[in-house]
Amino acid sequence: MRLAHQLFVIALATATACGRFGFESTQDQADSGSGGDADGVVELVIGEASGAMSGRIVDSTIKDYDATINFEEAGFIGAFAPLNGIDSTPGLVRFDLSGLSSFAVESAVLQVSINPNVDDEFSGETIAAARLLEAWVADEVTYVERSAGLEWSAPGAGGDARGAIIGDVETEPGSTVAELTLAPAAVQQWVDTPNANNGFILVVLADDGSGSWLASSDFSEPSRRPIMRLRGVE
């Protein structure tokens, strides 16, 4: 998977910009009930959700039972609870936010979808994103190593490799899409200091091994791929 070098920027602040991209103006949004924004607020949609909104993302899954295999091109990322204290199949995700140094983040949302090839729907589990504190290479990372020849502080991106939870969501049973609200301050740090952006690990807050398989950034259906939506001021 190659890191794309585009951001699709939806300018919501002015009627001129909205007209150019074919979106409703701020006033139109307010009139339609979708909510208006203060002047100067824009939305950035980052990911590989469609050809028109291509972005910058890498992701992978690590498995304790396939501890030396890289799954970057598998088409899925895991989001599972530990079982007997072991994170068996967490997913790793990183959005490249470099080049946005003038952007002040007001809100950040991660949208993920079920991979229908290996799963059916969410079951009400709580998916959480915890900050990663160690760098990793998407096409080399495994459960044991974060890049070729370099081990995690603890297997499974555990121990000192894992930081605080920066967002979570209780999924709706039967649904196939979930949105995690991420802490704006955490995302702002990635904007301000791109070299410190190691992304996050997706887990389920339980201890029974439950969870879901999610579509990755190279899944065959673009509409199911993960995206991050940032709202703020440039």
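Coordinate-derived values only; no laboratory data. Being a predicted model, the structure only gives us computed values, none of them experimental. We place every Cβ from the backbone using ideal geometry, glycine too, and count neighbours over all the protein chains shown.
Ranking of 109, 187 by neighbouring Cβ atoms within 10 Å, starting from the fewest: 109, 187. Here the Karplus relation 6.51 cos²θ - 1.76 cosθ + 1.60, evaluated at θ = phi - 60°, turns the backbone of the stretch 67-84 into coupling constants of 5, 10, 9, 9, 10, 4, 9, 6, x, 9, 10, x, 9, 10, 6, x, 10, 6 Hz, with x for every Gly and Pro. Among 80, 103, the order by Cβ neighbours within 10 angstrom, fewest to most, reads 103, 80.
Between residue 140 and residue 233, the simple spin-label model (points 7 angstrom out along Cα→Cβ) gives 4.1 nm. Counted residue by residue at 0.36 nm each, then reduced by the alpha carbon distance between them, the extension gain from residue 164 to residue 104 reaches 19.4 nm. For residue 153, the shell of other residues with beta-carbons less than 10 Å away shows a net charge of -1, using +1 for Lys and Arg and -1 for Asp and Glu.
About the centre of its Cα atoms, the stretch 87-144 shows a dipole size close to 260 debye [charges on the beta carbon of Lys, Arg (+1) and Asp, Glu (-1) only; nearest 20 debye]. The separation of the stretch 71-124 from the stretch 141-199, counted between C-alpha centres, amounts to 8 Å. Multiplying the residue separation of residue 83 and residue 67 by 0.36 nm and subtracting their alpha-carbon distance yields 4.2 nm.
Using the average count of surrounding beta-carbon atoms within 10 Å as a protection proxy, the listed peptides 159-169, 126-136 rank, highest first, as 126-136, 159-169. Taking a ≥ b ≥ c as the square roots of the eigenvalues of the alpha-carbon gyration tensor, the stretch 155-234 is classed oblate because a/c is 1.5 or more while a/b is no larger than b/c.
From the square roots a ≥ b ≥ c of the eigenvalues of the alpha-carbon gyration tensor of the stretch 179-225, which class results: rounded (a/c under 1.5), prolate (a/b over b/c), or oblate?
oblate
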